[in-house]
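The values are calculated or read from the model by the stated rules, or taken from the named source; none is laboratory data. Everything numeric here is computed off the predicted structure, so don't read it as measured data. FYI the Cβ positions are ideal-geometry reconstructions off the backbone, even for glycines, and counts take in every protein chain you see. Only protein heavy atoms, including side chains, enter the accessible area calculation; ligands, DNA and RNA are left aside. Shrake-Rupley method; radii C 1.70, N 1.55, O 1.52, S 1.80 Å.
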Amino acid sequence: MAESNRPIIRACDLVYRAEETAMADGREFQVILDGMSFEVHRGEVFGIMGMSGAGKTSVLRLLMGLVQPTSGDIEVLGRSIIGLPEYELNRIREQMGMCFQYAALLDSMTVADNVAFALRRRSHLSRQEIERKVEEHLERVGMSGTGNQMPAELSGGMKKRVGIARALITEPQVILYDEPSAGLDPIMASVIDNLIVGLRDEFGMTSVVVTHEVEELFGISDRVMMIYQGKVVACDTPEALRGTDNPYVQQFVRGQAHGPIAV
Amino acid sequence: MLIGLVTALGRQFISFLSYFGKTTQLHLSIWRGLLTGRLGYRVTVQQLAEIGVNSLAIAVVTLLLSGMVIGYHMSVQAGKLGVSELVGWFVSETMCRELGPVLVAFVVAARVGSAMAAELGSMRVTEQIDALRAMATDPVDYLVLPRYVACLVMVPLLVFIGDIVGVTGGYVMAVLSPSINQTVYFDSLPGNLEVWTVVAGVIKAAFFGMIIALVGCHQGLTCRRASEDVGRATTRSVVYSIMLVYAANLVLTTILYPK
Ligand SMILES: Nc1ncnc2c1ncn2[C@@H]1O[C@H](COP(=O)(O)OP(=O)(O)OP(=O)(O)O)[C@@H](O)[C@H]1O
Ligand SMILES: [Mg+2]
């Protein structure tokens, strides 16, 4: 019982500073996340919203173990991922999927090879079986028949959808979407939204969705967290956030230029 | 003034040590990957073919012309000394000990090492390396291992071919001189050229191959996320690997060819 109640992702007091910008603008480093805590429960769609540059992508990169936080703890699937060596991290990453903001397809191989990549490396499925799954997943994101094309021949939105297919094919327990529908037309955007919700309802897949499209996020999320200046401003259900009197959330949700968030 | 110079030198030395440490770390992960059987068969074959295609022609041309030049010099000098019948042996010693391994290493560093740095560097800039990691694939296993093994195999092979081509090039120039007839050139090899002379050169080449792949991949994997830096990493990979080849050549030569 305790197992199922345990959050699938837990971030505790995360601080993340980019050392790379050191001395570029006189400051020693830029504080990107400044003491952030949140939990994601099994089988929910967890939305993260915030302004451009708020650190949404950074949160996902931290959860994936692609970068290490300056301090704080991250638990994924019941295991702390801080300071784990790469091969241990990979064992956890096998249960996860990530869609990058700019798709990050491997540009020296075809769309089909991109989507098949993880399956080929980890599963013992036959060639036909893999081909079938690839086609099935491309169809899910409205990209069927593009398997033989190279990523360079695709538009930004098409690449993004291939990236989603690639992350889904291993049927991970947790999937992290970085702006899944940015750059997609309204029809395709709602196909992707339905896909995310469908995966939760059908397979109980946990999703973390990052975006600044408030309405879209409220439509699909069970809970939404808003971040501002490296901190969690609010974290609640969409209904509660709509009715909140938190001025930050109000300004963001209504898209007002004036308010506590200085532009 | 003097203090400034010492500080600058000290800084250079420290950055060299840190560079050495980081590449050694990569080298250890490569061997860990190889020993735990994480080398992909298909990608390795692909890399082998790529290196062969990219460098064979230019390595052959380089060694042929160098062999011809050496053959020319040797036959003139040997003629003065009255040892014309030994020119073939002299040329083959020069090619197999030094020119073959070192020139092939330069060619491969310029063609292949730089391409590795550029390819991996741009993969890093476009987040493809992160995408690999997110798919639970270690970039060292998937990208570096095949390149390393391909260099380790191909550079010695190219050197062996290059040795033969170079000696043949020397023959072409040598027979032009009046004191050397067509059979004496190759007749001087048996009994004079030792097998070890050739083998040791090929062993040196294996080390040069390791250096080229290691430096190229390291530059690519660690370049900063800007297109500009991909260019810099590419140039750096050539400069660093050639410098390291020089240094390794000195050490290996004294070890493999004891007095
Ligand atoms: N490698 C890095 N080095 C230095 N600073 C970085 C680095 N990566 C991100 N940043 C900084 O961290 C902040 C957050 O970046 P992040 O990409 O997480 O934002 P985001 O919320 O995803 O924005 P967007 O909605 O525009 O994608 C930005 O201010 C950015 O300048
Ligand atoms: Mg982002």
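Probe 1.4 Å, all protein chains in place: accessible area of B:Thr168 in Å², nearest 10?
60
How many percent of the accessible area of segment B:155-259 is carbon or sulfur, using a 1.4 Å probe?
Reported share for carbon and sulfur atoms: 71 percent.
Through the Karplus equation 6.51 cos²θ - 1.76 cosθ + 1.60, θ set to phi - 60°, convert the phi angles of segment B:171-187 into ³J(HN,Hα) values in whole Hz; use x for Gly and Pro.
Listing the rounded values in order: 4, 4, 6, 5, 5, 6, 7, x, 7, 10, 9, 6, 9, 5, 4, 6, 5 Hz.
In chain A, what percentage of the DSSP-assigned beta bridges are antiparallel, given to the nearest 5? List each step's numbers first, then the result.
Working: 20 of 38 bridges.
In chain A, approximately 55 percent of DSSP beta bridges are antiparallel ones.
Total accessible area buried between chains A and B, 1.4 Å probe, in Å² to the nearest 100?
That pair of chains buries around 1800 Å² in total.
So, with a 1.4 angstrom probe, what is the percent of accessible area on segment B:3-133 that is carbon and sulfur?
With neighbouring chains kept in place, the figure for segment B:3-133 is 71 percent.
Tell me the relative contact order for chain A as a rounded percent, counting alpha carbon contacts under 8 Å between residues six or more apart. List each step's numbers first, then the result.
On the way: 486 pairs, mean separation 62.4, N = 263.
Result for chain A is 24 percent.
What does the charge count around B:Ile70 come to, taking other residues whose C-beta lies under 11 Å from its C-beta (Lys +1, Arg +1, Asp -1, Glu -1)?
Once positives and negatives cancel, what remains is -2.
Quick one: dipole size for segment B:38-256, taken about the Cα centre, charges +1 on Lys/Arg Cβ and -1 on Asp/Glu Cβ, in debye to the nearest 20.
440
Two-decimal Rg/Rh of the protein assembly as shown from alpha-carbon positions, Kirkwood Rh?
Radius of gyration over Kirkwood radius for the protein assembly as shown works out to 1.11.
For segment A:42-127, what is the accessible area per residue in Å², given a 1.4 Å probe and the full set of protein chains?
Ligands and nucleic acids excluded, the result is 39 Å² per residue.
Can you give the average number of partner chain beta-carbon atoms within 10 Å of each beta-carbon in peptide B:121-133, as a whole number?
5
Among the lysines, which have Cα under 19 Å from the Cα of A:Lys159 when same-chain residues fewer than 8 positions away are ignored?
Those lysines meeting the cut-off are A:Lys133.
Quick one: angle between helix A:156-168 and the longest Cα principal axis of chain A, in degrees between 0 and 90, rounded to 10, please.
80
Give me a single rounded figure for A:165-176: the average over its residues of other chain Cβ atoms within 10 Å of their Cβ.
Averaged over the peptide's residues, the number is 1.
Output the Kirkwood hydrodynamic radius of segment B:39-159, Cα pairs only, in Å rounded to one decimal.
For segment B:39-159, the Kirkwood estimate is 16.6 Å.
If you line up the long axis of helix A:186-203 against the longest principal axis of chain A, both from Cα atoms, how many degrees apart are they, to the nearest 10?
Around 80 degrees separate the two axes.
What distance in nm separates the simple spin-label points at A:Val31 and A:Met109, each placed 7 Å from Cα in the Cβ direction?
Label-label distance for A:Val31 and A:Met109, simple model: 4.2 nm.
If I stretch the segment between A:Gln68 and A:Glu131 completely, what's the gain in nm (0.36 nm per residue apart, minus their alpha carbon distance), one decimal?
Full-extension gain reported as 19.1 nm.
From the residues B:Thr94, B:Ala226, B:Val155, which one has its Cα farthest along the dipole of chain B in the positive direction, the dipole being from +1 and -1 charges on Cβ of Lys/Arg and Asp/Glu about the Cα centre?
Of the candidates, B:Ala226 comes out farthest on the positive side.
Relative to a virtual label point 7 Å from the Cα of B:Val195 in the Cα→beta-carbon direction, which members of segment B:120-157 show backbone nitrogen distances below 13 Å?
Hits in segment B:120-157 for B:Val195 at 13 Å: none.
What fraction of the DSSP beta bridges in the protein assembly as shown is antiparallel, stated in percent and rounded to the nearest 5?
Details: 20 of 38 bridges.
Here the antiparallel bridges make up roughly 55 percent for the protein assembly as shown.
Taking the Cβ of B:Leu86 as the centre, find all other residues whose Cβ is under 12 Å away and add up their charges (Lys, Arg: +1; Asp, Glu: -1).
Here the charged neighbours net out to -3.
222 nm [θ] for the protein assembly as shown, helices only, -39500 (n - 2.57) per DSSP H run of 4+, per residue, to 500?
When only DSSP H runs of four or more count, the value is -19000 deg cm²/dmol.
Which of the residues in segment A:90-125 show a loss of at least 20 Å² in accessible area from their chain by itself to the complete set of protein chains, at a probe of 1.4 Å?
A:Asn90, A:Arg93, A:Phe100, A:Ala104, A:Leu106, A:Asp107, A:Phe117, A:Arg121, A:Arg122
Among rounded, prolate and oblate, which fits segment A:34-149 when a ≥ b ≥ c are the square roots of the eigenvalues of its C-alpha gyration tensor, a/c under 1.5 means rounded, and a/b larger than b/c means prolate?
Note, shape of segment A:34-149 comes out prolate.
Using C-alpha positions alone, give me the convex hull volume of chain B per residue in cubic angstrom.
Spread over its residues, the Cα hull of chain B gives 170 Å³ apiece.
How large is ³J(HN,Hα), in whole Hz, for each residue of segment A:119-130 in order, when computed from phi with the Karplus curve 6.51 cos²θ - 1.76 cosθ + 1.60 and θ = phi - 60°, using x for Gly and Pro?
With coefficients 6.51, -1.76 and 1.60, one gets 5, 4, 7, 10, 9, 10, 5, 6, 4, 5, 4, 5 Hz.
Can you work out ³J(HN,Hα) from phi for every residue in segment A:243-249, in order, using Karplus 6.51 cos²θ - 1.76 cosθ + 1.60 and θ = phi - 60°, giving whole Hz and x for Gly and Pro?
With coefficients 6.51, -1.76 and 1.60, one gets x, 6, 9, 5, x, 5, 5 Hz.
Considering every residue in B:136-144, what mean count of other chain Cβ atoms within 10 Å of its Cβ is obtained?
4
What spacing in nm lies between the two simple spin-label points modelled at A:His41 and A:Thr244, each 7 Å away from Cα in the Cβ direction?
Those two pseudo-labels are separated by 1.7 nm.
Can you give the accessible area per residue of segment B:38-256, in Å², using a 1.4 Å probe? Don't skip to the end; give the middle numbers.
Details: 9190 Å² over 219 residues.
Accessible area per residue: 42 Å².
Given a Förster radius of 35 Å and the C-beta distance between B:Asp187 and B:Val239 as r, what FRET efficiency does 1/(1 + (r/R0)^6) yield to the nearest 0.05?
0.25
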